[in-house]
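Okay, so here's the structure we're looking at.
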Amino acid sequence: MTPPLRSTASALLPSDGWDRATLALIAALTVLVVVTFGDYAVSNDEVLQHRYGELILDYYRSGLTNRAVFGFDNLYLYGGLFDIAAVALAHAIPIETYDLRHILCALTGIGGIAATAAAARLVAGPRAGLIAAASLAVCGPWYGAMFNHTKDIPFAAAVMAALFILIRIGHRMSSPRPADIAALGLFAGAALGLRSLGLLLAIHVGFAVILYLPWSGGAAARVRMAAAAAMRLAPAAGLAYLVMILAWPWAALAPLNPVRGLLAFSDYHYPIRTYFAGRIYQMSDVPRAFVSVYLLIRVPLLMLAGAAMAVGAALTRPLRNGIDLQRKDVALLSLAVAFPLACQAIFHGPAFTGMRHFLFVVPPLAVLAGIGLDRALAAAGPRRMVASGAAAAVGACLLWDAGVLVRLHPYENLSYNPLVGGLAGAYGRYDLDYWFNSMPEAIRRLEAHVRATAPPGEVQPAQLYSVAVCGERASFERTVTLPQLRWDFKSEWNESEFFIAPTHMNCDRDLDGEVVATVERFGVPIAQVKDRRALTTRPVATVERSATTPFD
């Protein structure tokens, strides 16, 4: 007899209510991705990255003879795991290339949220898992980056998944499960197959071996136990190396290339400018506290407070029979957050576009927040009124942060917390729309203006207009629907009829003109549309009614 559908579904769902809520959150986020992925622009990096994925596949298809991939800008210093997957799926799924990339990246970001929830649940229980997942989901730097930061989000998700597995291994370091060792190798290899910074996981593994092993016995005994644990984890290193070289061909050319790649990035000095506290810096000259300060002003205050509670409790809780397991978990997670930030500050590495390249520290910070807030709620448990008030306060903070993201959509990446006065306080002082993600909205407003100012009686304008754009051409061409709008190259900017630009780095001031539309959030101008026809005198071409393409 076939079991009823309802009973089958109940059997598949987790029995704990907090776990069900976490599953519902992840399902809701997945639906949100499917509904909204088209709202996000093509980032500055995506065209090059997609081409990099094609070149990697060409390298393998040619039997390793087509070596064009090694001369393609400096991308050979990165792994191409995401780009390989995106290119391969593009041949199998009939979806526009960049829509597919955005869906894939966003789903990877949701995977990072799931790994965050799993880690917090493992350390402190199902309620902590839900709080950690919700904290990361309403974190603007994470959610706003999920759609087109196709190196940073997959890398951060892979690192978080590896940390989760490492905590599982730590809980039974003397006899880890073979499946966990394999999973650690796969996720560590995935991280290395995206960025050389995945080498940090070797530090985490070494710290975990020391941290989770019994501290009893003499120094010689502890050394033997550590060596034995390292041998048990060695297959994970071998699997990670295999995944890495498959996704990163340059890493396979010499054993030390991953280290060379990491060192190369620490010494890069592009002519890129970035904001910090109202001043403009070159990426090589930013203050040592650049990334740490951006983390403090961009991550929601609830996450910061919860993480501080977790670390504070671990440091102040009385020791009973040695260091308890949860304290060790908090120590490992704290290392995952603090060590990269400390390295950045101590070695004064180059940095730009805020905390984008350090997004991988946000998921473990969210895990710590889940642990800390769960402990705070548990402490209030015996007093019902206090417990209800504390739970309501946590829920209200999460809903407030979610409401901010709804109002910012699709520019969730522009969220700043109250420490700097929100988006209004960050305007002109910290990095905002550095990739001109507001270009699609600016183009829609430009098209509406062109239609509104067309001569009476015309269904659509009969002239061909040039548009100067302070952004990437691919995003312009993907968005524009009015065939009368033609991309104008920068050498011809002074002759352009229209100008669209983000206000970031005062790009909107590069050309004069009448401001006819402004993209705003919270009253802050993010991008502007300017009509320059009163300033230009060159004759304008007439559009042939049979023309089918708006571009040169």
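Under 14 Å between alpha carbons, and skipping anything fewer than 8 positions from LYS151 in its own chain: which aspartates and glutamates qualify?
ASP45, GLU46, ASP83
Hey, fewest Cβ within 10 Å first, where do ASP401, ASP324 land in order?
Least crowded to most crowded, the residues run ASP324, ASP401.
Sum up the charges of everything whose Cβ sits under 13 Å from the Cβ of LEU48, counting Lys and Arg as +1 and Asp and Glu as -1, but leave LEU48 out.
On the way: positive: ARG51, ARG101, LYS151, ARG473; negative: ASP45, GLU46, GLU54, ASP73, ASP83, GLU472.
Here the count lands on -2.
Chymotrypsin sites (Phe, Trp or Tyr not before Pro), restricted to the stretch 429-517: which are DSSP loop and have at most 12 other Cβ atoms within 10 Å?
PHE489
Grab the other residues whose beta carbon is less than 9 angstrom from that of ASN417, score K and R as +1, D and E as -1, and report the net. Mind showing how you got there, number by number?
Values: positive: ARG298; negative: ASP401.
Summing Lys and Arg as +1 and Asp and Glu as -1 gives 0.
Have a look at ASN506, SER491, ILE526 and report the one farthest towards the positive end of the charge dipole of the stretch 439-531, computed about the Cα centre with Cβ charges (Lys/Arg +1, Asp/Glu -1).
The one lying farthest along the dipole's positive direction is ILE526.
Charges only on Cβ, +1 for Lys and Arg, -1 for Asp and Glu: so what's the dipole of the chain about the Cα centre, in debye to the nearest 20?
2260 debye
When we measure straight from the Cα of LYS490, which aspartates and glutamates land under 12 angstrom away, once same-chain ones fewer than 8 places off are left out?
GLU472, ASP510
Of THR65, VAL386, TYR430, whose Cα points farthest to the positive end of the dipole of the chain (charges on the beta-carbon: +1 Lys, Arg; -1 Asp, Glu; origin at the Cα centre)?
It is VAL386, whose Cα lies furthest towards the positive end.
Charges at C-beta only: +1 for Lys and Arg, -1 for Asp and Glu. How large is the resulting dipole of the stretch 84-190 about its Cα centre, in Debye rounded to 20? Intermediate results must be reported in sequence, preceding the final value.
Numbers: 7 positive and 4 negative charges, 90 e Å.
Around 440 debye, computed over the stretch 84-190.
Which peptide among 138-145, 170-177 comes first, and what is the full order, when sorted by highest mean count of other Cβ atoms within 10 Å?
On the way: 138-145: 25.4, 170-177: 14.6.
Top to bottom by mean Cβ count within 10 Å: 138-145, 170-177.
About its Cα centre, how strong a charge dipole does the stretch 358-465 have in debye, to the nearest 20, once Lys and Arg get +1 and Asp and Glu get -1 at the Cβ?
440 debye
Determine the sum of side-chain charges near PRO214: Lys and Arg each +1, Asp and Glu each -1, restricted to other residues whose C-beta is under 14 angstrom from that of PRO214.
Net of charged neighbours comes to +3.
By the gyration tensor of its Cα atoms, with a ≥ b ≥ c the square roots of the eigenvalues, what is the shape of the stretch 194-338: rounded for a/c under 1.5, prolate for a/b over b/c, or oblate?
In terms of gyration-tensor shape, oblate.
Can you tell me the 0 to 90 degree angle between the C-alpha axis of helix 257-266 and the longest principal axis of the chain, rounded to 10?
Compared with the principal axis, the helix lies near 60 degrees.
I'd like to know which of TYR241, ILE84, PRO141 lies farthest towards the positive end of the charge dipole of the stretch 15-420, counting +1 on Cβ of Lys and Arg and -1 on Cβ of Asp and Glu.
Farthest towards the positive end: TYR241.
Round to a whole angstrom and tell me the spacing of the C-alpha centers of the stretch 20-60 and the stretch 210-245.
35 Å
With a point put 7 Å past each Cα toward its Cβ, work out how far VAL223 is from ARG317 in nm, to one decimal.
It is 3.3 nm.
Can you compute 3J(HN,Hα) from phi for each residue in the stretch 238-247, using the Karplus curve 6.51 cos²θ - 1.76 cosθ + 1.60 with θ = phi - 60°, rounded to whole Hz and x for Gly and Pro?
x, 5, 4, 5, 5, 4, 4, 6, 5, 8
Measure nothing but the geometry: give the 0 to 90° angle between the long axis through the Cα atoms of 17-36 and the longest principal axis through the Cα atoms of the chain, rounded to 10°.
20 degrees
Give the shape of the stretch 102-260 as rounded, prolate or oblate, defined through the alpha-carbon gyration tensor: a ≥ b ≥ c are the square roots of its eigenvalues, a/c under 1.5 means rounded, and otherwise the shape is prolate if a/b is larger than b/c and oblate if not.
Since a/c reaches 1.5 but b/c is at least a/b, the shape of the stretch 102-260 is classed as oblate.
Within the chain, what is the longest stretch that has no GluC sites (Glu not before Pro) placed in a DSSP loop and near at most 12 other beta-carbon atoms within 10 Å?
Working: sites that count: GLU96, GLU458, GLU544.
Here the longest segment lacking exposed loop sites spans 97-457.
Taking Cα atoms, how many degrees apart are the long axis of helix 325-347 and the longest axis of the chain, rounded to 10 and kept between 0 and 90?
The angle comes out near 40 degrees.
Would you calculate, for the chain, the mean residue ellipticity at 222 nm contributed by helices, counting each DSSP H stretch of 4 or more residues as -39,500 (n - 2.57) and dividing by all residues, to the nearest 500?
-18000 deg cm²/dmol
Classify the stretch 439-531 as rounded, prolate or oblate, taking a ≥ b ≥ c as the square roots of the eigenvalues of its Cα gyration tensor: rounded when a/c is under 1.5, otherwise prolate if a/b is larger than b/c and oblate if not.
prolate
Please rank THR30, THR65, fewest neighbouring Cβ atoms within 10 Å first, as an exposure proxy.
THR65, THR30
The numbers here are math on the coordinates, done by the rules we state, and not lab data. Since the structure is predicted, the reported quantities are computational estimates derived from the model, not experimental observations. As a convention, Cβ positions derive from the backbone with ideal geometry for all residues, glycine included, and neighbour counts pool all protein chains shown.
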